[in-house]
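Single-structure report; data block below.
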Amino acid sequence: MKLARVVGTVVSTICSPIFEDRTLLLCDLVEPSGEAAGGYLIAVDTVGAGAGELVLILDEGTSARQIVGAAYGPLRAVIVGIVDAVEGPGAAAGQAKAKPTTKGEAAARGTKGEAAARGTKAAKATARRTTRTVKQG
Amino acid sequence: MQLARVIGTVVATVKSPSLDGVRLLIVQPLTRQLEPVGTVVVAADAVHMAGPGELVYIVGSREAAEALEDRFAPVDHAIVGIVDAVEPIRGGGR
């Protein structure tokens, strides 16, 4: 999987059927430090990722199709997660503020992760609300 | 998937039977700022509507064949959509 930052959207009316009613996001590939790694990907959003968010991109066709529930189709890159924090030697200090700082926030983020995994609309709504709460905090 | 600009067409009479009826277009891959990057490639037109000068997005490797009627057609790049707009999103970032 790849780390990337959401930088834009691609609007397309005429497209392969697998992309119909799906959000295509333009994502810059980044290093764990947050710096641009060079290159970008157009990926299908499956988690409700938003502007400027650090995301996980799965760039492998068979798995991508499995995630969206399609048996076939020219789908390869999908956004499968929203990154809360990157830790380790290469990680940026700048992302520290995105790290959960209190038990409450950590719990909220935990809920969000589980909600996104369930993949229902309601769960996604919960996830978005949680993200907003954490951002404000 | 990457952005690309259609810059020409390829006509081939003798080809793999899987490619019968498939339009082959020459495309120049682009950066997200729409500047040319990398080498020009020949891509199968899976949307049947792309024409020269058009901004499209292409998919590479195995998934290119998935875009065509014959899922095992010998292609490694396919045009899978025509771009109406690329919209940068600002604000809300951390």
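Miscellaneous remarks
- B:V42-B:D20 FRET efficiency (beta carbon distance; Förster radius 22 Å; 0.05 resolution): 0.85
- Taking every residue in B:61-72 and counting other chain Cβ atoms within 10 Å of its Cβ, the average works out to 4.
- Computed over neighbours whose Cβ is under 15 Å from that of A:V10, the net charge equals -3, Lys and Arg +1, Asp and Glu -1.
- Computed about its Cα centre, the charge dipole of chain B is approximately 300 debye, with only Lys, Arg, Asp and Glu carrying charge at their Cβ.
- Neighbourhood charge, 11 Å Cβ-Cβ cut-off, centred on B:R71 and excluding it, Lys, Arg +1 and Asp, Glu -1: -3
- Considering only the range B:2-82, percent of DSSP beta bridges that pair antiparallel, nearest 5: 90
- Across all directions, the average flat footprint of the convex hull enclosing the Cα atoms of the range A:2-92 is 5.9 nm².
- Global size of chain B as Cα Rg and Dmax, reported in angstrom: 14.3, 54
Every read-out reported here was derived from the displayed coordinates using simple, explicitly stated rules and does not represent laboratory data. None of these values were measured; they are calculated from a predicted model. Every residue, glycine among them, receives a Cβ derived from its backbone with ideal geometry; neighbour counts consider all protein chains shown.
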